[in-house]
Amino acid sequence: MRKIILSLITLILTLIAIITAYLSIIGYETDKFNSFLENKITSNFSNTKIDFNKIKIKINLKNFSFFVTTVEPNIQFHNNEIKLKKIDAYVNLKSLVVGRPKIDKVNIQSNEIDIKKVKNITKYFKPSNLKKFILNEVEDGKTNFNLDLDLKDNKIENYEVNGTVKNFGANLQKIKLSKSSFVFLIKQDSGEIDNIRGNLNGFQI
């Protein structure tokens, strides 16, 4: 009897390990979250159209959290296509069990985007010094970014975006910056730029 119980426990633990490994590496593909995620994202970003190809349920073993992920979703903002690499949405497990899913956090990773495309998108943002600089002074370049959104009751409460820019060019009064690259970090109330390299008025920095 003892051997049977031990064998049963071993079998259960093995199945749990296999399922956990499968969900953390491959994930379970489903379409049940498509409309939910599409509605939540479009409700926070007006004039946005989004279409998820495939969504997978996965487990993050680092903190044993549950999330859904989609690769290369089709997103348009004011008819401007945004090329994203993937979107991960961390869903509150308790809210899922009671049938009222809540997203706690969203991570969005982009593919490389041309700065001119960024300018087309930026003009729809609220007035700010950053918006004015991008629209009036920035000339060219390419960027990619990683955006973290913290949500409360499925509404954005906080955000942080970081990424890199290369082949950047800008004209600011008598200052001309060309063939430049840097790393950036933008938070809700602050921002910073680091590792700047390039040409400033013809001189290498």
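The values are calculated or read from the model by the stated rules, or taken from the named source; none is laboratory data. Note that the structure is a prediction, hence the values are computed from the model and not measured. Counting neighbours? That spans all protein chains shown, and the Cβs are built from the backbone with ideal geometry, glycine included. SASA here: full protein model, heavy atoms, side chains in, ligands and nucleic acids out. Shrake-Rupley method; radii C 1.70, N 1.55, O 1.52, S 1.80 Å.
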Exercise. Net charge near residue 198, counting Lys/Arg +1 and Asp/Glu -1 over other residues with Cβ under 10 Å of its Cβ?
Worked result: +3
Problem set entry | Dimensionless Rg/Rh of the chain - Kirkwood Rh, Rg from C-alpha atoms | 1.11
Exercise. Peptides 51-60, 169-178, 66-75: what's the order by average Cβ count within 10 Å, highest mean first?
Worked result: 66-75, 51-60, 169-178
Seminar exercise, completed: Amide H proximity to residue 72 below 5 Å, modelled H, separation 5+ or other chain, gives 86, 87
Exercise. Going down the table (83/117; 40/85; 49/119; 54/142; 40/62; 49/179), which pairs top 22 Å between alpha carbons?
Worked result: 54/142; 40/62; 49/179
For this session: Lys and Arg at +1, Asp and Glu at -1: add these up for the other residues within a Cβ distance under 15 Å of residue 158 and post the number.
Result: -3
Seminar exercise, completed: The alpha-carbon pair-distance distribution computed for segment 122-205, with 5 angstrom bins and whole-percent values, is 3, 13, 18, 25, 19, 11, 6, 3, 2, 1, 0
For this session: At 1.4 Å probe size, with no ligands or nucleic acids counted, give the accessible surface of residue 90 in Å², nearest ten.
Result: 50
Exercise. In straight Cα distance, which aspartates and glutamates are under 14 Å from residue 131, not counting same-chain residues fewer than 8 positions off?
Worked result: 139
